Amino acid sequence: MWNFVTEPDLHPVKLDVVTNNLTDESGYVFTAPYGPDASSGQVGTYITDIDGNPVWFKSVPDDNMENLGFRVQEYQGEPVLTTWQGTAAGSPGYQNLPMAAPEPGACFYIYDQNYNVIETVSAVDGWTADLHELLLTSSGTALFLTFKTVAMDLTEYGGPEDGYVGDYGIQEIDLATNELVFSWDMLEHISLEDSYETAASANSTDGNVWDVFHPNSLDIGSDGEILVSLRNMWAGYAIDRTSGDILWQLNGQQQSDETWSLITPTDDATFSWQHMLRFRGADQISMFDDSCCGTDANGDDEEAQGQSRGLLLDIDFTTETASVATTVYHDPSLSVSSQGSMQELADGDWFVGWGIEPYFSQYGAAGNTADTASSNRLYEVKSGDDLFSYRAFRDTWVGTPTTSPKTVAQSANGQTTVCASWNGSTETVAWRVLAGASESDLSVVVPNVQRDGFETSATVPGTAEYYQVEALDSAGEVIGTSAVVAVSS
């Protein structure tokens, strides 16, 4: 973990840049590290530069909480940060809900460029905001997944009589009025028989809850249709946003009397336990294909079934088939049991988060194959301290915190070391150091020292009583000033 003199309460995990063959190092990486086995690094929202240096970190307020899905979106024409915050079921020795289901009280936060929370989004009508997805739409609404449990006799499916279904929904709320404008309940539309997660899994869960659906992403198509990924159905479903009808289904099975079309992938295009389905134009869909892992008929975890990959599919709606357009594999190969993401960058490259495996990587647009997995990888980072991130994104961002820069001055052996930092500032490129005999009588002693990662140190000859730092932008203008601090020894 990192330790800082100027921010002693911040301890984000260190990231090891394993590979960097990028020609464009602009922008930042957005993750939300967490993990039940972490020994020291803090859980929270995390912006790092391409070299792995922290830019902004905010820890969660409670050890049992997590942030998930942290990324850049747009709201009211301005870039914002969004994240889910809450407690997910699955802590050791306690699981009254399906693994990773949200405990009541969870919500989404929207941060502006000053890192102030400008909106809090919560579910309504007895549902809980689910951790897997929040989309901000161009019409000023928030579209997100929701969760609740429903009591049900599961014996006909091989589960307990006093069982529950982990039901999920979709809600869309107008952020200006906080009114619900769309609501959709999966239990009312999708057959339980189509799940690849056995009802026997409820027998091994303290709360007798069958995680039959497990949605993990939402996207909006060119005609306004919603694309939802249901991990435990091995399928994506397109939903009419007006009627709520299912328009078509990609992959998975139909053991009941479903009336919508089933788009069937070719053998090499079939996927399972997938995450983060995204429309790519009118006839392509990208995803992270976990290919691992479910629960067998005895309620036990299955062994790894396949090799995880990033996957781009060509969709032919006329023939109702899907074929492989691009794949992205990791070297060495990974079987990712949960989570994961695949983001298409503006230049066509792919930025892949490997879920519960502590890696995120960038690949050229052509991707690679299982046989050429070591090729076309431009960038890779490995997270330390047993932490991982549900998703990982690369994006542009301008952060202008309203807090002040921090500084600490320490003297020894006739000279003073001044440390400076400003959590969240992307515009600081250098620091100016001032010193003096009193708080009101300071002069410049170091006119310009280039920013060096999150915390920059400058050595000042001699020892003054008081010190201050000024943050400088690329034009040399002062954009932030710290409090005056007394020197310490």
- Task: Under 6 Å between Cβ atoms, at least 6 apart or on separate chains: pull out the pairs that start in the stretch 109-138 with a residue that is under 26 Å from T426 (Cα atoms) and end on any residue that is basic (K, R) and assigned to a strand (DSSP E or B).
- Result: none
- Message: On the basis of being modelled with pLDDT of 95 or more and buried (at least 22 other Cβ atoms within 10 Å of the Cβ), does F317 make the cut?
- Response: no
- Checklist (1) modelled with pLDDT of 95 or more; (2) within 28 Å of A202 (Cβ to Cβ) applied to G93, failing item: (1)
- Taking strands (runs of 3 or more DSSP E) that do not extend beyond the stretch 296-395, which have at least 1 residues that are within 15 Å of F30 (Cβ to Cβ)? 341-344, 350-353, 359-363, 377-383, 393-395
- Got a sec? Which strands (runs of 3 or more DSSP E) wholly within the stretch 213-295 have at least 3 residues that are small (G, A, S)? 235-239
- Determine if the stretch 378-391 includes at least one residue that is more than 25 Å from S425 (Cα to Cα), surrounded by fewer than 20 Cβ atoms within 10 Å (Cβ to Cβ) and touching a strand residue (DSSP E or B) at 6+ places or on another chain (Cβ under 6 Å). yes
- Message: Given the options T295, T327, name the one that is at pLDDT below 95, β-branched (V, I, T) and closer than 30 Å to D385 by Cα.
- Response: T295
- Lone qualifier among E172, E156 - being under 20 Å from V209 (Cβ atoms), among the acidic types (D, E) and either in a strand (DSSP E or B) or outside the structural domain of S425 (by TED's automatic domain parsing) (or both): E156
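Results for (1) under 21 Å from N216 (Cβ atoms); (2) of a type outside the set (K, R); (3) at pLDDT 95 or above, shown as yes or no for each residue.
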{"residue": "A282", "(1), (2), (3)": "no, yes, no"}
{"residue": "S286", "(1), (2), (3)": "yes, yes, yes"}
{"residue": "G299", "(1), (2), (3)": "no, yes, no"}
{"residue": "E303", "(1), (2), (3)": "no, yes, no"}
{"residue": "G306", "(1), (2), (3)": "yes, yes, no"}
{"residue": "L312", "(1), (2), (3)": "yes, yes, yes"}
{"residue": "Q339", "(1), (2), (3)": "yes, yes, yes"}
- Condition met for G224 (closer than 30 Å to T137 by Cα, within 25 Å of the chain's Cα centre (by Cα) and without any contact (Cβ under 8 Å) to a residue 60 or more places away in the chain): yes
- Candidate set from the stretch 458-489 (those that are in contact (Cβ under 8 Å) with a residue 60 or more places away in the chain, hydroxyl-bearing (S, T, Y) and part of a strand (DSSP E or B)); member that is surrounded by the most Cβ atoms within 10 Å (Cβ to Cβ): Y467
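Quick grid of which residues meet (1) of a type in the set (V, I, T); (2) crowded, with 19+ Cβ neighbours inside 10 Å; (3) touching a helix residue (DSSP H, G or I) at 6+ places or on another chain (Cβ under 9 Å); (4) not assigned by TED's automatic domain parsing to the domain that holds E25:
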{"site": "H275", "(1), (2), (3), (4)": "no, yes, yes, no"}
{"site": "Q284", "(1), (2), (3), (4)": "no, no, no, no"}
{"site": "C293", "(1), (2), (3), (4)": "no, no, no, no"}
{"site": "L313", "(1), (2), (3), (4)": "no, yes, yes, no"}
{"site": "S335", "(1), (2), (3), (4)": "no, no, no, no"}
{"site": "G340", "(1), (2), (3), (4)": "no, yes, no, no"}
{"site": "L345", "(1), (2), (3), (4)": "no, no, no, no"}
{"site": "A365", "(1), (2), (3), (4)": "no, no, no, no"}
- Query: Can we say T428 is in a strand (DSSP E or B) and over 26 Å from V352 (Cα atoms)?
  - Reply: no
- Number of positions in the stretch 9-58 that are charged (D, E, K, R), under 27 Å from V408 (Cβ atoms) and in a loop (DSSP other than H, G, I, E, B): 4
- Return only the number of the condition from (1) buried (at least 21 other Cβ atoms within 10 Å of the Cβ); (2) in the same structural domain as A100 (by TED's automatic domain parsing); (3) part of a loop (DSSP other than H, G, I, E, B) that T6 does not satisfy. (2)
- Query: In the stretch 117-140, which residues are surrounded by fewer than 16 Cβ atoms within 10 Å (Cβ to Cβ) and among the small types (G, A, S)?
  - Reply: G126, S138, S139, G140
- Answer yes if at least one residue in the stretch 254-269 is touching a residue at least 60 places away in the same chain (Cβ under 8 Å), crowded, with 23+ Cβ neighbours inside 10 Å and either not aliphatic (A, V, I, L, M) or not assigned by TED's automatic domain parsing to the domain that holds W184 (or both), and no otherwise. no
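The values are calculated or read from the model by the stated rules, or taken from the named source; none is laboratory data. In this text, all values refer to a predicted model and were calculated from it rather than measured experimentally. FYI the Cβ positions are ideal-geometry reconstructions off the backbone, even for glycines, and counts take in every protein chain you see.
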